[in-house]
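Below: one structure, written as structure tokens.
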């Protein structure tokens, strides 16, 4: 990057408290997505469908839309990346911030205050992990008419919708789709820093997504932004600042074969942080991707921890104190505790549910005992006799295998294929696997019986050659991998 001394403006004004507050507020607001529990919301009976053909049109009209308003987004690019600060890009202040940032352009890159100006201007994208609830799994995507995910609209989609598009999205960077859904207002009780009153906190709960064609390569782009610690050192001569935080971002093409992909953006950001931080060991404060870790530098206030209710409250309190931002630590702790409690309540009751024929009970019992001894929450009927006593087993067991477990261990045998009860359990488990589009059923083979609806190419463990101890160990590894 060309490192000329800028001809307009400098880098010594310092970061204003109100600017730091806006950026930190946007980051904290990402935990709001953790409170969305279901995509089966009813549309408002008073509101007919409204069509928006562009990002700006949606955000400029958004304040007029009630919760439950049905929205149509024709020919939008759908991508894994959603805006870090939805709607901010289209505010008048954001436009001014982007214009002002140009005085910090060096010809090769923005100085740190220019980077901050662009982020205040609405530049930035995130990729969020799914919400796992008793009602199923919700995935988060972004829809953008322009191809720039920073300008887009957050979407919440079910697993079957996600499965339709995610493979092609990763290959091409996006898919052009007709999207329909209802507006959901994100939980404002989580806001502990003020934010722009004119920007509604909206996401669209999608009820229909129809693919038209892949996005042309290079059309979709995302910008990842970070905060970093350590005062900025002297930039050339006469351009310096002593701020505790700096900001940076980088655009990239999310297509899998793109030479300017995410890994290049991460490398560039890390280099930028090392060049502008006075610290010998600078750290990233906050990140942008719950799907995977990227940085070699240490990362504080991780997005994944924040969304699980385990945010670094003390670290955040120190930052808000430094920038004189009003911040009630006790309230935030209570809110994070509430979020943890809600997530635990929505979490499946069991790590694994065992489905087996009565003739194969000895095999099931041996593995169940090993798993329970290792601290795994197991649904095994012998452990649930008091609970099952007097219940409608048809209804209850269907609920267990459909919604209450993270995985189903299916003991496949001739006896399993022949029984009516195991057929019901299998059908419930298969419905769950189809809905979530993941490896929910973990087959354990006692013989070579073919099970209807279970693809023969699905990986399995053969209990004729693998020990019970090894099966228990593999199940624990599977659970650990899923949780992380």
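Okay, here's what the table says:
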| quantity | calculated |
| --- | --- |
| Residues of the range 53-86 classified as over 18 Å from residue 179 (Cα atoms) and either touching a residue at least 12 places away in the same chain (Cβ under 8 Å) or surrounded by 15 or more Cβ atoms within 10 Å (Cβ to Cβ) (or both), total | 5 |
| Residues that are under 31 Å from the mean Cα position of the chain (by Cα) and assigned to a helix (DSSP H, G or I), drawn from the range 397-424 | 397, 398, 399, 400, 401, 402, 403, 404 |
| Top-ranked residue in the range 454-465 [being surrounded by 14 or more Cβ atoms within 10 Å (Cβ to Cβ) and in a loop (DSSP other than H, G, I, E, B); ranked as modelled with the lowest pLDDT] | 454 |
| Residue 248 at pLDDT below 90, more than 19 Å from the chain's Cα centre (by Cα) and part of a strand (DSSP E or B) | yes |
| Qualifying positions in the range 466-484 - surrounded by 13 or more Cβ atoms within 10 Å (Cβ to Cβ) and touching a residue at least 24 places away in the same chain (Cβ under 8 Å) | 468, 471, 472, 475, 476, 478, 479, 482 |
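Quick grid of which residues meet (1) more than 17 Å from residue 128 (Cα to Cα); (2) surrounded by 14 or more Cβ atoms within 10 Å (Cβ to Cβ); (3) out of contact with any helix residue (DSSP H, G or I) (no Cβ under 7 Å at 6 or more places or on another chain):
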position	(1), (2), (3)
250	yes, yes, no
255	yes, yes, no
258	yes, yes, yes
263	yes, no, yes
270	yes, yes, yes
277	yes, yes, yes
281	yes, no, yes
292	no, no, yes
303	no, yes, no
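The values are calculated or read from the model by the stated rules, or taken from the named source; none is laboratory data. What you see is a predicted model; the values in this text were computed from it and never measured. Here Cβ is always computed from backbone atoms with ideal geometry, including for glycine, and neighbour counts include all displayed protein chains.
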